[in-house]
Every structure is written in structure tokens, then in C-alpha cells.
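Novice: The structure that follows is given in the form of C-alpha cells.
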Amino acid sequence: MAYRRTDKVKQRLAARRDAIIAAAGALAAENGMAAVQIAPVATRAGIAAGTVYRYFPSKTELVEALVAVTSEREITAMRLAADAAPGPLSALTVAIITFAGRALRHRRFAWAVISEPVDAEVDAVRLAYRRALAAEIETRLRAAFADVPTSDLDTALTSRAIVGAMLEALVGPLAAEAGDDPAKIRNAVQMLALLSLQGIGIAGARARGLVVQAPWPREDEDSVI
């Protein structure tokens, strides 16, 4: 007779897997993706290295899981925040500010998860993350221009451009260091959102109003695992 895991066992195994990924995320946030090695992750999680290997046979698989979990969480946060907005343009603005604000609060972690040079295998998961970001932005763009039949906006190209701006301008190697100054972080994110809105043809005064009125991501919604 085959052994069947009880719900309690399944929950314990899932909790341990989550703890391993959380430990990997903490190390990535502190010292970049290069710091995510099996032994340090095991130490941070308070378990044996052999236990980590049972869940993730290689570092690559662990990093892939970290990226995938982060992607799901951040896309969900964008979607929930945008869905609560009063209108489609507000939703687009909120989606941009939510992702950008969460990423810039923990720039090192965001850089590690989505842009820092790593193994080729991990880049495939990262590409899926970028595509998901672009798809979410494009959904908001399409909704915002649904009642503008004469619009010739290329929503696919524009969504990719906005994602590129968020990643390069805020967390990439060209990004200015905002440090831990909340005012600088907020200003950088709002300037990016304003640029995005003006780039799709939203008049300056209206774009500025949308940005200023958009809710700011709460501290308890941080992107670090």
C-alpha cells in the first residue's frame, strides 16, 4: 500500500519550502544573487544543507523558485492595487507606482531577482517575469484607451517600454541611488509614472493629478520575502 501524506505533513513540507525560499530571498536582498548558495541558505533557514537539497537539488532550481515566487507576488500586488482604482487611467498609474515603489524600496533585491547577471537557465524564468509585467501593464493600457477608437497607440510596444523604463531607470545599473530616503524614492517613482503617462498622450496637468492622487504602496506590502 502506497504511503499517503496527511494534510498536516503536506503543510509542514510546504512551510519548510517557503522558509528555504525566504532564506534565499533574504540573502539576495543583502548581498545579491551570488550569495544564494545552498549552505548559507540552509544556515539562514536553520536546517541542514541536505534538507535544502531534498527540496532544491541545485542552486539554479532554488534561484528559479525564488524568481517565480517573487514574480507571482509582485504581479498580484500590482493587479490588486490597480483593480481598486476608480478608473482605467488611475489603474494604469497605480499599477506602475505599485511595482516601481515596491521595487525601489528594496532595489538590491529587485536587481538581484530580475536583472543581476546569473546563469542562463535562470534568465528564462526572469524573461517570464518581464513578460508578465508587460502583460499586466498592457491590460491597463488597453482598458484606458478602450473608449478612444481613433487611438493608434501600440499597447504591446508601449507596455514593454514602460517595463524597460521601470527596470533600467529605477533598479538597473544606470539608476541613481535613492538610498533609504522616502522622499527621494517617492519622487523617483512619481517622475517615472508621470513620464509614462505623458508618453502615451495624457496631458501634463491631468497626468500630474493622476500621479499625485495615486495611493502609495504601504510598508507592510514590501517586496522582500
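The values are calculated or read from the model by the stated rules, or taken from the named source; none is laboratory data. Here the structure is a predicted model, which means the values were calculated and not measured. Neighbour counts run over all protein chains shown; Cβ positions are idealised from the backbone, glycine included. To get the accessible areas, we keep the full protein, side chains included, count just its heavy atoms, and leave off ligands, DNA and RNA. Shrake-Rupley method; radii C 1.70, N 1.55, O 1.52, S 1.80 Å.
Novice: Excluding ligands and nucleic acids, what accessible area in Å² is computed for LEU127 using a 1.4 Å probe, to the nearest 10?
Specialist: LEU127 exposes around 70 Å² with every protein chain in place.
Novice: A further question on this structure: Hey, what angle do you get for helix 7-31 against the long axis of the chain, alpha-carbon based, 0 to 90 degrees rounded to 10?
Specialist: 60 degrees
Novice: Note the angle between two axes, namely the Cα long axis of helix 59-83 and the longest principal axis of the Cα atoms of the chain, as a number of degrees from 0 to 90, rounded to the nearest 10.
Specialist: Tilt relative to the chain: about 40 degrees.
Novice: In addition: If you compute Cα Rg over 2.2 N^0.38 Å for the structure shown, which of (1) 1.13; (2) 1.03; (3) 0.98 do you land on?
Specialist: Among (1) 1.13; (2) 1.03; (3) 0.98, the one calculated here is (1).
Novice: Measure nothing but the geometry: give the 0 to 90° angle between the long axis through the Cα atoms of 155-166 and the longest principal axis through the Cα atoms of the chain, rounded to 10°.
Specialist: Tilt relative to the chain: about 70 degrees.
Novice: Let me ask something additional. Return a whole-number percent for the relative contact order of the chain, with Cα pairs under 8 Å and 6 or more residues apart as the contact set.
Specialist: Working: 241 pairs, mean separation 52.6, N = 225.
Once normalised by length, the contact order is 23 percent.
Novice: Given Cβ point charges of +1 (Lys, Arg) and -1 (Asp, Glu) and nothing else, what value in debye, to the nearest 20, does the dipole of the stretch 41-85 about its Cα centre take?
Specialist: On the way: 5 positive and 5 negative charges, 44 e Å.
Dipole about the Cα centre, nearest 20: 220 debye.
Novice: State, as an integer percentage, the relative contact order of the stretch 28-99 based on alpha-carbon contacts under 8 Å between residues 6 or more apart.
Specialist: Relative contact order here is 19 percent.
Novice: At a threshold of 8 angstrom on Cα-Cα distance, excluding pairs fewer than six apart, so keeping six or more, what relative contact order does the stretch 76-167 reach in percent? Don't jump to the answer; show the numbers that get you there.
Specialist: Values: 66 pairs, mean separation 25.3, N = 92.
Contact order relative to length: 28 percent.
Novice: Which one of TYR129, PRO182, ILE21 is farthest out on the positive end of the charge dipole of the chain, using unit charges on Cβ (Lys, Arg +1; Asp, Glu -1) and the Cα centre as origin?
Specialist: ILE21
Novice: Another question, if that's okay. For TYR55 and ALA183, calculate 0.36 nm times their separation in residues minus their Cα-Cα distance, and state this gained length in nm to one decimal.
Specialist: On the way: separation 128, 0.36 × 128 = 46.08 nm, distance 4.11 nm.
So the extension gain works out to 42.0 nm.
Novice: Could you tell me what percent of the accessible area of the chain is made up of carbon and sulfur, with a 1.4 Å probe and every protein chain present? Walk me through the numbers on the way to the answer.
Specialist: On the way: 6490 of 11780 Å².
It is 55 percent, rounded to a whole number.
Novice: Hey, can you find the accessible area per residue of the chain for me, probe 1.4 Å, expressed in square angstrom? All intermediate terms of the calculation are to be shown ahead of the outcome.
Specialist: Values: 11780 Å² over 225 residues.
Value returned for the chain: 52 Å² of accessible area per residue.
Novice: Probe radius 1.4 Å, ligands and nucleic acids left out: which of ASP181, ASP7 has the largest accessible area, and how do the rest follow? Mind showing how you got there, number by number?
Specialist: Values: ASP181 60, ASP7 110 Å².
Descending accessible area places them as ASP7, ASP181.
Novice: What lysines could a cross-link reach from LYS59, if we take a straight Cα to Cα line under 27 Å and drop same-chain neighbours fewer than 8 places away?
Specialist: Within the straight-line limit of under 27 Å, LYS59 reaches these lysines: LYS10.
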